[in-house]
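Bear in mind these aren't lab numbers, they're just calculated from the coordinates by the rules spelled out. Quantities reported herein were computed from a predicted structural model and do not represent experimental measurements. Quick reminder, even Gly has a Cβ in these numbers, built from the backbone with ideal geometry, and neighbours come from all protein chains shown.
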Amino acid sequence: MTSPADVPSVPSTSLSGLYDSHMHTPLCGHAEGHPREYAQAALDAGLSGITFTDHIPMPAWYDAPWRMRLDQLDEYVGMVREAQAEFAGRLEVGLGLEADFHPGTERFVEEVLALHDWDYVIGSVHYLGAWGFDNPEFVDEYDRRDLGQLYRHYYALVEGAARCGLFDALGHLDLPKKFGHRDPDSAAALRVLDTVAALGLSLDYNTAGERKPVGEAYPAPDLLAAAAARGIGFVLGSDAHRPSEVGASFGAAAERVRAAGGRIVRYSGRVRHG
Ligand SMILES: [Zn+2]
Ligand SMILES: [Zn+2]
């Protein structure tokens with residue numbers, strides 16, 4: 001294994017060979033732009049491919065305003081397949097989902113995943129109990145919480161996401177830092193990384209954090225290094241909710257992952273490449 005110092009720092013002006021594997025569509029109710037516009041943006045940016053990972057349908061009681069309904073799933077698949085056909089030979093377009101891990105909903109998620117042939121499925125934790133902790137509307141709740149306890153609870157859920165066997169990668173690993181609330185202790189996160197490595201899962205290396213108050217990709221540099229040291233692969237994702245965000249900061253992101261000794265991977269047909 002090469003140490004970070006052995007890796008030459010090549011300025012990445014070209015995004016050729018890179019894939020953006022985390023992006024959304026208007027079906028989730030909080031994104032804009034047709035899949036074909038995301039694909040065109042990727043082509044213009046020089047990416048080799050993209051994978052759509054819109055928010056998975058969940059049981060009706062869970063986070064309904066922020067995702068497509070189950071009866072819209074075929075429309076989603078159809079839109080992505082259309083973009084796939086339209087850009088064939090120019091840009092690889094994959095079909096995926098960002099699934100939520102929320103205890104009790106695993107069977108529902110499993111049933112949704114059985115409905116189509118996905119290329120890539122991300123498992124994300126967006127809720128601590130009934131609190132959507134990454135929603136800016138509810139950010140005040142952080143002031144009422146003990147951050148150490150909050151992160152231990154969060155990573156226990158992420159551990160569940162890793163172990164449930166439904167996902168290829170974990171989404172935005174250290175998401176509770178989004179508004180600047182840092183984990184006071186990395187022990188729980190490191191335990192999750194041990195599990196991720198043991199199970200052969202990957203991590204979403206998500207540049208959306210750079211566009212949020214925390215101003216930093218998920219996961220943070222120390223977790224990136226710890227994951228790289230465990231041989232965990234990173235799937236680059238912009239988490240674009242509009243076409244202009246496709247491939248956002250990817251040159252620097254790829255350089256950062258490689259400088260940390262990390263491996264950039266991607267998925268098709270739920271098989272890891274790279
Ligand atoms: Zn979203
Ligand atoms: Zn997410």
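Each stretch of four or more DSSP H residues adds -39500 (n - 2.57); spread over every residue of the chain, this sum gives -9000 deg cm²/dmol at 222 nm.
Fully extending the segment from Ser244 to Leu113 would add 44.3 nm, taking 0.36 nm per residue of separation and subtracting the current Cα-Cα distance.
Comparing Leu47, Leu115, Leu175 in a Gaussian network model of the chain (Cα springs below 10 Å), the most mobile by mean-square fluctuation is Leu115. Working from the Cα coordinates of the chain, the gyration tensor eigenvalues give, after taking √(5λ), semi-axes of 25, 24, 17 Å in decreasing order. Using a simple spin-label model with pseudo-atoms 7 Å out from Cα toward Cβ, Glu255 and Val271 lie 3.4 nm apart.
Neighbours of Phe87 by Cβ distance under 14 Å: Lys/Arg scored +1, Asp/Glu scored -1, total -3. Taking label positions 7 Å along the Cα-Cβ direction at both Glu106 and Leu43, the computed distance is 4.2 nm, reported to one decimal. Restricting the calculation to Cα atoms, every distinct pair contributes to the Kirkwood radius of segment 207-274, found to be 12.6 Å.
Comparing Phe234, Phe138, Phe179 in a Gaussian network model of the chain where C-alpha atoms under 10 Å apart are linked, the largest mean-square fluctuation is found at Phe138. Each residue of segment 63-69 was assigned a 3J(HN,Hα) from its phi angle through the Karplus curve 6.51 cos²θ - 1.76 cosθ + 1.60 (θ = phi - 60°); the sequence is 6, 4, x, 10, 7, 5, 7 Hz, with glycine and proline shown as x.
FRET efficiency for the Val139 to Glu210 pair, using the beta carbon distance and R₀ = 22 Å, is estimated at 0.75. Here the peptides 100-113, 235-248, 198-211, 258-271 are ranked by packing, the mean other Cβ count within 10 Å, and the order with the highest first is 235-248, 198-211, 258-271, 100-113. Across segment 11-81, Cα-Cα pairs farther apart than 17 Å form 47% of the total. Compute the FRET efficiency between Asp222 and Glu86 as 1/(1 + (r/R0)^6), taking r as their Cβ-Cβ distance and R0 = 45 Å, and round to the nearest 0.05. Efficiency, from the Cβ-Cβ distance: 0.60. Between Asp183, Asp168, Asp54, where does the largest GNM mean-square fluctuation fall for the chain, given springs only between Cα atoms within less than 10 Å? Comparing Asp183, Asp168, Asp54 in a Gaussian network model of the chain, the most mobile one is Asp183.
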